[in-house]
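Working notes for the structure below.
The values are calculated or read from the model by the stated rules, or taken from the named source; none is laboratory data. This is a predicted model, so every value here is computed, not measured. Methodologically, a virtual Cβ is constructed for each residue, glycine included, from the backbone with ideal geometry; neighbour enumeration extends over all protein chains shown.
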Amino acid sequence: MAAEAAQASLVFFPVLSLGIFIGLLELIFVHSDESGMGWLKHGIHAIPTMLIFLFISFNIGPVSKMVGYPITESFAVDLGVRVLLGIIATVKVKAAAAIAGKASSFGEKFWHAAVIGILIAAAPYVWVFIEPMLPAFLKF
């Protein structure tokens, strides 16, 4: 019973902290790839988008129950869902850059989009190493 309660709880602090970090990194990538094109207006959506992707990545079980498709969590299932989220994020970042581009030479570089996708997929696994380094007042 206690394991189910712990498993069903939602995770927010890592989502917020890593979401802001990855969103700002995405904003930096947009600035370097699309400077002179209104990069801030185009790139400002990156932070809320990263928060959504990371919320799903950190809360696979509860999110799957929310959408009506509960899955049995295991390492393989979680890894598969996170890899799929990373691919979707990469495509989303690349597509958003292509849609905003006014010429074919504009757009975010593929490797920039791929780095964002990899960070989203790896964030829960990386958080295990980041959390012990946080000050005590930030640990929940």
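What to note about this one:
- Test set (1) modelled with pLDDT under 85; (2) of a type outside the set (Phe, Trp, Tyr); (3) exposed (fewer than 13 other Cβ atoms within 10 Å of the Cβ) - residue 94 fails condition number: (3)
- Listed by first and then second residue, the pairs linking a residue in region 16-28 that is on the phi < 0 side of the Ramachandran plot and aliphatic (A, V, I, L, M) to a residue that is surrounded by fewer than 16 Cβ atoms within 10 Å (Cβ to Cβ) and part of a helix (DSSP H, G or I), with Cβ atoms under 9 Å apart and 6 or more places separating them unless they lie on different chains, are 18/126; 18/130; 27/40.
- Whichever residue in region 44-90 is at pLDDT below 90 and under 21 Å from residue 109 (Cβ atoms) and, among such residues, is surrounded by the most Cβ atoms within 10 Å (Cβ to Cβ): 50
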